[in-house]
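The values are calculated or read from the model by the stated rules, or taken from the named source; none is laboratory data. What you see is a predicted model, and the numbers here were worked out from it, not measured in a lab. So basically every Cβ, Gly included, is an ideal-geometry build from the backbone, and we count neighbours across all protein chains shown. Please note that ligands, DNA and RNA were not included when accessible areas were found on the heavy atoms of the full protein model with its side chains. Shrake-Rupley method; radii C 1.70, N 1.55, O 1.52, S 1.80 Å.
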Amino acid sequence: MSADIVKLENVTKLYYTNSHSVRGVKGIELSAAKGELLLILGPSGSGKTTIITLAAGLLEPTEGRVHLFGKDIRKYSRSELQEARADRIGFVFQTFLLIDSLTISENIKLVQGFSKKDGKAPPEELLRKFSIGHLKDNLPYKLSQGEKQRAAIARAVANNAELILADEPTANLDSEQGYEIIRLLGHYAK
Ligand code: ADP
Ligand code: MG
């Protein structure tokens, strides 16, 4: 058993299309321990989303090994992986993926409903922590980009996840807002 929350060992991912294969990533070595904030930087197309998707067990590596919570993802059953994602992993998607027809609070409640864990904070409390408590009953379209990003992060931590995977969480923000988001994520990791 390894103490790493997630670990990629010499991971290569090829995507196969009709006529050829496209290299997503090659020979990735990466690990993250509890409390660690790991930033993956690189230009568009360099494989950042591929790495995050592999780390979540949503893609299988073509070569190499992915360990999640100390266990090879190939040893997880489909339902074990689903449970791990619902209970132990929080996602922040590049385009937020807030449900348009639900209020911000309801978006959080929805994700909390996927997890059987105890001890989840009420949505209002989570949103207050991210300084958007006053927006809880709003639909997502009323929020600014920065506020949506905060809501997406509040949702990602709503089930007390041990691993937060955030895909370009600062891409839609100005540098000051971006810095604040990294600070919030770092604070949560501690
Ligand atoms: P990033 O997130 O850093 O922009 P990606 O992980 O999305 O990079 O992509 C890495 C490479 O893999 C790119 O060349 C991209 O075109 C390719 N790729 C990603 N997803 C697929 C897919 N589903 N099918 C084919 N090629 C893909
Ligand atoms: Mg990407």
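For region 29-44, taking the residues that are part of a strand (DSSP E or B) and not hydroxyl-bearing (Ser, Thr, Tyr), the one that is most open to solvent (accessible area, probe 1.4 Å) is identified as Glu29. Every residue in region 45-94 that is within 20 Å of Ala158 (Cβ to Cβ) and either open to solvent by 30 Å² or more (accessible area, probe 1.4 Å) or within 15 Å of ligand 1 (Cβ to nearest atom) (or both), please. Ile52, Ala55, Ala56, Leu58, Gln82, Glu83, Arg85, Arg88, Phe91, Val92, Phe93, Gln94 - these are the residues of region 45-94 that are within 20 Å of Ala158 (Cβ to Cβ) and either open to solvent by 30 Å² or more (accessible area, probe 1.4 Å) or within 15 Å of ligand 1 (Cβ to nearest atom) (or both). For region 165-189, a residue qualifies if it is within 18 Å of Ile52 (Cα to Cα) and within 16 Å of ligand 1 (Cβ to nearest atom), and the qualifying residues are Leu165, Ala166, Asp167, Glu168, Pro169, Thr170, Ala171. Go through region 95-121 and give me each residue that's farther than 13 Å from Asn159 by Cβ and either open to solvent by 40 Å² or more (accessible area, probe 1.4 Å) or more than 16 Å from the chain's Cα centre (by Cα) (or both). Those that are farther than 13 Å from Asn159 by Cβ and either open to solvent by 40 Å² or more (accessible area, probe 1.4 Å) or more than 16 Å from the chain's Cα centre (by Cα) (or both): Thr95, Leu97, Ile99, Asp100, Ser101, Leu102, Thr103, Ile104, Ser105, Glu106. Residues of region 105-152 that are closer than 20 Å to Asp174 by Cβ and charged (D, E, K, R): Lys142, Glu147, Lys148, Arg150.
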